[in-house]
Amino acid sequence: MLSFECDYNVGAHPKLLQRLIDTNLIRQSGYGADEYTACAKEKIRAACGDPDADVFFLAGGTQTNQIVIDTCLSPVEGVISADTGHINAHEAGAVEFTGHKIIALPHEHGKLRARDVEHCIETILTDENVDHLVRPGMVYISHPTEYGTLYSKAELTALSDVCRRYGIKLFMDGARLGYGLEAAGTDVTLRHVTELCDAFYIGGTKVGALCGEAVVFPRGGAPRYFFTAVKQHGALLAKGRLIGVQFDALFTDGLYFEISRRAVHAADKMRQVLRSEGYRFHIETVTNQIFVILTPEEYEALGRVIKFGFWERLSDGNVVVRFASSWATTEEDVAEFEACIRDFAKLRG
C-alpha cells in the first residue's frame with residue numbers, strides 16, 4: 001500500500017548507511033568522543049554561523065525535549081507551550097515526569113503568539129501569591145509546528161524579545177527543522193534560529209537519519225554538566241559514533257538541506273493534486289505535512305488504498321487526516337499518489 005502516514009517510515013538515506021559501513025570497523029573512542037562526532041559538531045557550528053555553539057547528540061525527539069527542558073529549568077520552574085505542542089499533547093507526560101509543569105497556552109495555527117506569552121508571564125509574576133505558583137523558565141515552540149505551519153522571522157524575533165526581557169529561555173523543537181527551512185516563502189534561516197533561540201535541535205530521525213537529533217546551545221550556552229545529565233537520564237550512547245557519523249554525512253555538501261527541499265517539493269505537488277480534485281484543507285501549509293478534511297465515508301474508503309495519519313475528528317463528524325512526504329518520497333511515489341487520488345475522485349462522483 002502507498003504510505004504517506006509519517007516522515008519516519010523508512011530507514012536512512014543511502015549516503016548515511018554507506019558512511020556507517022565505511023567507518024564500521026575503524027576503532028574509535030566511545031560516548032561521542034570519536035572523530036566523526038567531532039567533525040559533525042564543527043560542520044553544524046559552521047552551518048549555524050556560531051563557532052562557540054555547544055552541540056550534543058541524542059537519539060530521539062521526546063528524549064531530547066525532556067532532557068533539554070529538565071536541565072535548563074530549576075526545580076520550581078515550568079515551561080510555556082502551545083496546547084497543541086508536542087510536549088503537551090503527544091509525549092506521554094515525559095516533561096511532567098521530571099517534575100516540571102507545562103503551562104499550556106492557546107495557539108494560532110499551532111503557533112504561540114508573543115503577546116499571549118508576555119501576558120502569561122506578567123499574570124504569574126504580578127500575582128500576589130506568586131511564591132505559590134510555578135514560574136515560567138522557558139518557552140517551547142516547534143518549527144514547523146504540529147500543524148505544519150512556520151514562524152516568520154518577525155514572529156520568532158518577537159518571542160525571543162519577550163523571553164530575553166524576562167530572562168527566560170526560548171527552546172525550539174526542530175524535529176522537522178529541515179522541512180521548515182526549505183519551505184517556499186520562509187524568511188527564517190538556520191542562522192536566524194541560532195541567533196534568536198537559547199536552545200534548539202536539528203532533527204535527524206525525520207530527516208534522513210536512522211535516529212538522532214543534534215542539540216545546539218548557541219553561544220556556548222549549554223547547562224552546566226549537560227553531558228553528565230544526559231547520562232543520568234539514561235540517554236548517553238556508548239557508541240556515540242552511531243549518531244555522529246550520520247550527522248557528519250548529513251552536513252556534508254548540504255545533504256540535509258537538499259533532501260529536505262526534495263520532500264517539500266513532493267508535498268507541493270501532492271497539494272496541487274488534492275486541490276485540483278476539490279479536497280478541503282484543514283489548514284494551509286507549505287512544509288511536508290498536508291492536512292485534509294474527509295467525510296467519514298471518504299476516510300474509510302481512501303484509507304484502503306493510501307495509508308495516512310489520523311489527526312482529529314471535527315464536530316461535524318468529518319475527519320482531519322495528515323499526508324506527510326519525506327526525504328525518501330520519490331517522483332514515482334507522487335505519481336502513484338496522483339493516480340490514486342484521481343481514481344478515487346471518479347468514485348466520489
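For the reader, a short list of remarks on this structure follows.
- Residue check for residue 111: in contact with a His (Cβ under 6 Å, 6 or more places away or on another chain), under 24 Å from residue 261 (Cα atoms), of a type in the set (Lys, Arg) and touching a residue at least 24 places away in the same chain (Cβ under 8 Å): no
- Criterion (touching a residue at least 24 places away in the same chain (Cβ under 8 Å), part of a helix (DSSP H, G or I), farther than 30 Å from residue 30 by Cα and among the charged types (D, E, K, R)) met by exactly one of 118, 122, 96, 146: 118
- Taken as a whole, region 35-55 holds no residue that is at pLDDT below 95, of a type outside the set (A, V, I, L, M, F, W, C) and out of contact with any Ser or Thr (no Cβ under 6 Å at 6 or more places or on another chain).
- Counted residues, region 6-58 - those being surrounded by fewer than 17 Cβ atoms within 10 Å (Cβ to Cβ), assigned to a helix (DSSP H, G or I) and not hydrophobic (A, V, I, L, M, F, W, C): 6
- Restricting region 97-119 to residues that are acidic (Asp, Glu) and out of contact with any strand residue (DSSP E or B) (no Cβ under 6 Å at 6 or more places or on another chain), the residue that is surrounded by the most Cβ atoms within 10 Å (Cβ to Cβ): 118
- Boolean, residue 93 is out of contact with any Phe, Trp or Tyr (no Cβ under 6 Å at 6 or more places or on another chain) and more than 16 Å from residue 170 (Cα to Cα): yes
- Number of positions in region 250-261 that are assigned to a helix (DSSP H, G or I) and surrounded by 19 or more Cβ atoms within 10 Å (Cβ to Cβ): 4
- Residue 179 in contact (Cβ under 8 Å) with a residue 12 or more places away in the chain, surrounded by 24 or more Cβ atoms within 10 Å (Cβ to Cβ) and hydroxyl-bearing (Ser, Thr, Tyr): yes
The values are calculated or read from the model by the stated rules, or taken from the named source; none is laboratory data. All figures in this text were calculated on a predicted structure; none of them were measured in a lab. Methodologically, a virtual Cβ is constructed for each residue, glycine included, from the backbone with ideal geometry; neighbour enumeration extends over all protein chains shown.
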